[in-house]
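**Q** Mind having a look at this structure? Questions to follow.
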Amino acid sequence: VSGEYEEKEYKSGDELCKEDFKVTAEYEDGYSKEVTDFETNIEDIDMSTIGDKTVVIKYTENDETVTKEVVITVKHNENLAPEKLEATKSDTEYLSGERLDLSDLTVKAEYPDGYVATLVAGEYTTK
């Protein structure tokens, strides 16, 4: 069995469909045919988080089962809003009346899909 899938960019929250995969049964005599009655583990794959995911494809014919693994990558979905912001600053002590210097401010955004981004000035506001 050879398992292929249409090279597709998955983002967190996308739905993984069995139709994304093309499975071909290959026989010792050189004959091959596309099959649609294969099983996968796609219902067990967490598409809400980023990272590599392993899709297991199983095809059974005449009591013989062949298994193939295909790795897909789920990327960050830019449409998500951060669920947590963390700001750190190395210089935290100031004298009374001294102007606050934010040049060493680091702001990190954590997203629900596990993506963490360091924001640069202009991507956040301070008050």
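The values are calculated or read from the model by the stated rules, or taken from the named source; none is laboratory data. It should be emphasised that the depicted structure is a prediction, and the values quoted were computed from it without experimental measurement. Here the Cβ is made from the backbone with ideal geometry for all residues, glycine too, and neighbour counts use every protein chain on show. Side chains included, ligands, DNA and RNA excluded: accessible areas come from the protein's heavy atoms. Shrake-Rupley method; radii C 1.70, N 1.55, O 1.52, S 1.80 Å.
**Q** What is the extension gain from Glu98 to Thr67, computed as 0.36 nm multiplied by their sequence separation minus the C-alpha to C-alpha distance, in nm to one decimal?
**A** Stretched out fully, the Glu98 to Thr67 stretch lengthens by 4.4 nm.
**Q** Something else now. Given springs between every Cα pair under 10 Å in a Gaussian network model of the chain, which of Gly13, Gly114, Gly30 has the largest fluctuation?
**A** Gly30
**Q** Now for a separate question. Farthest toward the dipole's positive end in the chain, which of Met47, Thr126, Ala87, given Cβ charges of +1 (Lys, Arg) and -1 (Asp, Glu) about the Cα centre?
**A** About the Cα centre, the residue reaching furthest to the positive side is Thr126.
**Q** With the full set of protein chains in place, find how many percent of the accessible area of the chain is carbon and sulfur; take the probe as 1.4 Å.
**A** That fraction is 43 percent.
**Q** Could you state the number of Å between the C-alpha centres of segment 61-127 and segment 19-40?
**A** 41
**Q** Measuring from label point to label point, each 7 Å out along Cα→Cβ, what is the Lys127 to Lys8 span in nm?
**A** Computed distance between label sites Lys127 and Lys8 equals 4.3 nm.
**Q** Using a Gaussian network model of the chain with C-alpha springs under 10 Å, which one of Lys33, Lys75, Lys108 is most mobile by mean-square fluctuation?
**A** Lys33
**Q** Sort all Cα-Cα distances of the chain into consecutive 10 angstrom bins from zero, then give the percent of pairs in each bin up to the one containing the longest distance.
**A** P(r) for the chain, in whole percents per bin: 11, 29, 19, 15, 11, 8, 5, 2, 0.
**Q** Which residue fluctuates most in the GNM of the chain (Cα springs below 10 Å): Thr40, Thr65, Thr49?
**A** Among Thr40, Thr65, Thr49, the largest mean-square fluctuation in the Gaussian network model of the chain belongs to Thr65.
**Q** Pairs Lys53/Lys84; Lys11/Lys127; Lys8/Lys58; Lys18/Lys108: which exceed 29 Å Cα-Cα?
**A** Lys11/Lys127; Lys18/Lys108, as the Cα separations exceed 29 Å there.
**Q** Quick one: putting +1 on the C-beta of Lys and Arg, -1 on the C-beta of Asp and Glu, what dipole do you get for segment 26-96 around its Cα centre, in Debye to the nearest 20? Write down the numbers at each step before the final one.
**A** Details: 7 positive and 19 negative charges, 105 e Å.
Rounded to the nearest 20 debye, it is 500 debye.
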